[in-house]
């Protein structure tokens, strides 16, 4: 691995940094603990003030004009056609500045769009990709079910062919952003007699279709990010099938590979630790900050771990840059990152002691209630994108060559 930018990479980094500094309004930037745990989640784009929405929309257009809403996509589909290293630098600088990525909170640009590019027909690409890169279409992911999470191939939502349509019946759960989404990428069973991995198909579903009911799942932090989605005789046109019928499991695993390849979180973790360290230094004589001598060592541990995380992510990018396909390496980085989320949140709780349990808006809440919010949100980190247990299985089987059973 080379940790230093080449001359062209350094020039590109300067270009991205200058663009963000000159074009991204400070009012929509969020970084460190505030970026990950201080916002209102999926409702921001719809429930924020009109001024906030307009600033976001203006910034998204500036990104779209450069192809930077979907920097990895080919230019013919509205992306920037960036190299692997350019994508890495772009994500680093956006995260460091706390600049929003514009558009669709990651699912449209990061998972649905790339899957459509790989498996979609030309008609599907022309229909669905341009609104994503213009920031006009929000997507959600209909994979998990009440009885099919880690064992996703056990899903039972059915799609039955009926003339020129498929008729979908079933339920999905933990569907992030379904309440504000325009489209869903859906896995449904089309051949109930086939082995469980063989009879699944992948669909694009218009969320305005008759028969779809979205019910909110408010998390313990009090935010409405997740939903359960019910399908009752929902008609999906056959042209919305993505890839081959009954081959959707293999399309879906491609989507999950995109989901597990994010790299900006390591930068955010480093900023979070620095935010916490600065707060503790500034307020060390106040009664709401822990006086434990072990606290400084614990914060130092988190700082070292965030650097280790960046090294693991750089390893993944280095492999991609050499034309290799990271597999166990991506799972190692994802596992480490998810569990570091929790360790950082626990350290923030210890730093504020009993005050850490106070929420934003409480009279005596310190650090804007971020410690409590961070702790509650961190519990989801080791589940989303594949549980820690799943990641350990991948590392054991593909990395260490251990048997599956």
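The values are calculated or read from the model by the stated rules, or taken from the named source; none is laboratory data. What you are looking at is a predicted structure, and each value in this text was computed from that prediction instead of being measured. Neighbour counts are summed over all protein chains in view; Cβ atoms, including those assigned to glycine, are modelled from backbone coordinates with ideal geometry.
For (1) modelled with pLDDT of 80 or more; (2) at negative phi; (3) crowded, with 16+ Cβ neighbours inside 10 Å, each residue gets a yes or a no:
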| position | (1), (2), (3) |
| --- | --- |
| 2 | no, yes, no |
| 5 | yes, yes, no |
| 23 | yes, yes, no |
| 32 | no, no, yes |
| 37 | no, yes, yes |
| 42 | no, yes, yes |
| 55 | yes, yes, yes |
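Of everything in segment 105-115, what is within 29 Å of residue 23 (Cβ to Cβ) and surrounded by fewer than 24 Cβ atoms within 10 Å (Cβ to Cβ)? Give them in sequence order. Can you show your working first?
Step one: filter segment 105-115 for residues within 29 Å of residue 23 (Cβ to Cβ), giving 105-114.
Selection gives 105, 106, 110, 111, 114.
Report yes if residue 330 is under 27 Å from residue 6 (Cα atoms), surrounded by 21 or more Cβ atoms within 10 Å (Cβ to Cβ) and at pLDDT below 90, otherwise no.
In short, yes.
Does residue 102 satisfy the condition of being crowded, with 22+ Cβ neighbours inside 10 Å, farther than 21 Å from residue 306 by Cβ and touching a strand residue (DSSP E or B) at 6+ places or on another chain (Cβ under 9 Å)?
Considered against the rule, which asks whether it is crowded, with 22+ Cβ neighbours inside 10 Å, farther than 21 Å from residue 306 by Cβ and touching a strand residue (DSSP E or B) at 6+ places or on another chain (Cβ under 9 Å), residue 102 comes out as no.
Yes or no, residue by residue, for (1) in the same structural domain as residue 319 (by TED's automatic domain parsing); (2) free of Cβ contacts under 8 Å to residues at least 24 places away in the same chain; (3) out of contact with any strand residue (DSSP E or B) (no Cβ under 7 Å at 6 or more places or on another chain); (4) at negative phi:
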position: 81; (1), (2), (3), (4): no, yes, yes, no
position: 84; (1), (2), (3), (4): no, no, yes, yes
position: 92; (1), (2), (3), (4): no, no, yes, yes
position: 96; (1), (2), (3), (4): no, no, yes, yes
position: 107; (1), (2), (3), (4): no, no, no, yes
position: 110; (1), (2), (3), (4): no, no, yes, yes
position: 114; (1), (2), (3), (4): no, no, yes, yes
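Across segment 359-405, what is the number of residues that are more than 26 Å from residue 254 (Cα to Cα), touching a residue at least 12 places away in the same chain (Cβ under 8 Å) and not in a helix (DSSP H, G or I)?
4
So, in segment 185-204, exactly how many residues are in contact with a helix residue (DSSP H, G or I) (Cβ under 7 Å, 6 or more places away or on another chain) and within 17 Å of residue 170 (Cα to Cα)?
Pass one, segment 185-204, residues in contact with a helix residue (DSSP H, G or I) (Cβ under 7 Å, 6 or more places away or on another chain): 185, 187, 196-197, 200-204.
After this cut, where a residue has to be within 17 Å of residue 170 (Cα to Cα) as well, the list is 185, 187, 196, 200-204.
Residues in segment 185-204 being in contact with a helix residue (DSSP H, G or I) (Cβ under 7 Å, 6 or more places away or on another chain) and within 17 Å of residue 170 (Cα to Cα): 8 in total.
Go through (1) closer than 30 Å to residue 392 by Cβ; (2) surrounded by fewer than 14 Cβ atoms within 10 Å (Cβ to Cβ); (3) touching a residue at least 24 places away in the same chain (Cβ under 8 Å) one by one and return the number of the condition residue 147 breaks.
(3)
Among the residues of segment 120-144, write down those that are touching a strand residue (DSSP E or B) at 6+ places or on another chain (Cβ under 9 Å), in a helix (DSSP H, G or I) and crowded, with 20+ Cβ neighbours inside 10 Å.
Residues satisfying the conditions are 128, 132.
So residue 349 ticks every box in (1) part of a loop (DSSP other than H, G, I, E, B); (2) farther than 15 Å from residue 269 by Cα but one. Which box is left unticked?
Every condition holds for residue 349 apart from (1).
Might you check whether a residue that is in contact (Cβ under 8 Å) with a residue 40 or more places away in the chain, outside the structural domain of residue 149 (by TED's automatic domain parsing), more than 22 Å from residue 88 (Cβ to Cβ) and within 21 Å of the chain's Cα centre (by Cα) occurs anywhere in segment 348-355?
For segment 348-355, residues in contact (Cβ under 8 Å) with a residue 40 or more places away in the chain, outside the structural domain of residue 149 (by TED's automatic domain parsing), more than 22 Å from residue 88 (Cβ to Cβ) and within 21 Å of the chain's Cα centre (by Cα): absent.
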